[in-house]
Amino acid sequence: MLSILTARTQANAESFRRMCDRTGYDPARAGEHPLAFALAARRCVFCRRTEACRVYLETPGDEAPDFCPNAFFFETRGEI
């Protein structure tokens with residue numbers, strides 16, 4: 001069970017990094033809005049849409065999908 005949780009957490013963390021790249025959010029700016037960044041990272045790590053996100057990230061584009069709980073975060077580049 002722990003290995004499944006660890007694998008999903010790692011996959012979601014990687015998806016968060018890829019979504020940052022895709023939407024133009026620079027994680028180096030996390031210090032400007034640390035709580036917003038921490039909440040976004042947490043939402044992503046615990047998101048249950050792992051497979052949908054993985055599929056979405058394999059398509060071209062520069063926005064977060066509507067199903068993403070962090071869509072607003074990425075849309076505003078973390079300035080919420």
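Where a number appears in this text, it was derived from the coordinates with a stated rule and is not lab data. Computed from a predicted model, the values in this text were never measured in an experiment.
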Exercise. To the nearest 10 degrees, how steep is helix 34-45 against the longest Cα principal axis of the chain, on a 0 to 90 scale?
Worked result: 30 degrees
Exercise. Could you state the per residue volume, in Å³, of the convex hull enclosing the Cα atoms of the chain?
Worked result: 83 Å³
Exercise. Taking only Cα atoms, what is the 0 to 90° angle, nearest 10, from helix 2-23's long axis to the longest principal axis of the chain?
Worked result: 30 degrees
